[in-house]
Amino acid sequence: MDIPDYDKALYYTLWGQWDDLLVLMVRTKDDLLSKKIQNFLHAYHYSLDEQKIIDSHDNLLYYIDHAMKYTPETALKM
C-alpha cells in the first residue's frame, strides 16, 4: 500500500468526498483500510443511529493515523 492511499483517505474523509472514498476503498491494497471505509460508508448511508456513524468515522480516522505512523521507510522513499 502506498502512503498516498492513507493521505487520500484522510482528505476524502475530512472533506466529505464519499464518492472518492468509495473508489479508494475498491482500489486500495490495504484490506483493513478498505473494511474501515466500508463500515463507515455503510453506517453513514444506512444507519439511523448517529452514535454508530460517529464511531465508525472515528475508527476510520484512528486507523489512518495509526497506519501512517507505522508505514515502512521503503514506502516513503518511493
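Within the range 14-35, count every residue that is surrounded by 12 or more Cβ atoms within 10 Å (Cβ to Cβ), of a type outside the set (Ser, Thr, Tyr), out of contact with any Phe, Trp or Tyr (no Cβ under 7 Å at 6 or more places or on another chain) and within 16 Å of ASP65 (Cα to Cα).
Residues flagged as surrounded by 12 or more Cβ atoms within 10 Å (Cβ to Cβ), of a type outside the set (Ser, Thr, Tyr), out of contact with any Phe, Trp or Tyr (no Cβ under 7 Å at 6 or more places or on another chain) and within 16 Å of ASP65 (Cα to Cα) within the range 14-35 amount to 2.
Looking at this structure, is LEU76 at pLDDT 95 or above and either in a helix (DSSP H, G or I) or within 10 Å of the chain's Cα centre (by Cα) (or both)? Walk me through how you get there before you give the answer.
On the way: at pLDDT 95 or above: no; either in a helix (DSSP H, G or I) or within 10 Å of the chain's Cα centre (by Cα) (or both): yes.
So LEU76 does not fit the description; no.
The values are calculated or read from the model by the stated rules, or taken from the named source; none is laboratory data. Remember, predicted model here, so these are calculated numbers, not experimental data. Backbone-built Cβ (ideal geometry, glycine too); neighbour counts: all protein chains shown.
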